[in-house]
Amino acid sequence: MPQATVTILGAGAIGMAMATVLDENKYKVIFWDIDEEIIDGINLFHKNQRSFSKVKLNKSVRAYKDTGKAVSNSDMIVFAVASKAVREVASSVADYLPRNCVVVSLSKGLEDETFKTMTEVIREELGGDFHYQIAALSGPMLAADMIAKKPTAAMLASLKS
């Protein structure tokens, strides 16, 4: 069975924590971020100076600034960007997502102007083709605990079970 590819949109603390969990579970991990310094650090030194700078990432983990390169061959997309950026980022990846891609939101909160949840915002931007492929992952998951491999809990919810 081929290795599944997961693109994490946002290389902040929760994105880094999720990357370590996914990599440990044999997923191919790709990052997308807007910060070229972070992208270079991940690609050249396998570290993220912004979040958990002491954590060494697997050499197979790659990072891109180009959304098309980051998501076009992914089996799963994980939104780990700030809620204020979710709509813009979702819009920027919409044309590149594979049709069978699963989308998971780690972004919390409501959109300021509309009071919509992050999954609602993502659903609007990606369109009806992804209606049942969008889920929210939440729980008392602290990035530092995940990195330290401490016990935590999470719940994944979507419109279709």
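Read-outs: derived from the displayed coordinates by stated rules, not from any lab. These numbers were taken from a predicted model, which means no experiment stands behind them. For neighbour counting, all protein chains shown are included, and Cβ atoms are generated from backbone atoms with ideal geometry for every residue, glycine included.
What translational D, rounded to a whole number of µm²/s, comes out for the range 67-161 from Stokes-Einstein when the hydrodynamic radius is the Kirkwood one over Cα pairs, at 4 °C and 1.567 mPa s? The calculation lands on 93 µm²/s. Evaluating 6.51 cos²θ - 1.76 cosθ + 1.60 at θ = phi - 60° for every residue in the range 59-75, the Karplus couplings come out as 4, 7, 6, 10, 9, 9, 9, 7, 5, x, 4, 5, 10, 4, 10, 8, 8 Hz, glycine and proline recorded as x.
When you filter the chymotrypsin sites (Phe, Trp or Tyr not before Pro) in the range 27-119 for DSSP loop state and at most 14 other Cβ atoms inside 10 Å of their Cβ, you are left with Phe115. Rounded to the nearest 20 debye, the dipole size of the range 1-137 about its Cα centre is 600 debye, using +1 on the Cβ of Lys and Arg and -1 on the Cβ of Asp and Glu. Proximity of backbone amide H atoms, modeled 1.01 Å from N, is registered between Val78 and Thr7, Ile8, Leu9, Val104 at under 5 Å, excluding neighbours fewer than 5 places apart on the same chain. Near Met141: Cβ cut-off under 12 Å, other residues only, Lys/Arg at +1 and Asp/Glu at -1. The net charge is +1.
Phi angles across the range 39-54 convert, under the Karplus curve 6.51 cos²θ - 1.76 cosθ + 1.60 with θ = phi - 60°, into 3J(HN,Hα) values of 4, 4, x, 5, 6, 8, 10, 6, 9, 10, 5, 7, 9, 6, 5, 8 Hz, Gly and Pro given as x.
Projecting the Cα atoms of Ser158, Ser72, Met141 onto the charge dipole of the chain, computed from C-beta unit charges around the Cα centre, puts Met141 farthest toward the positive end.
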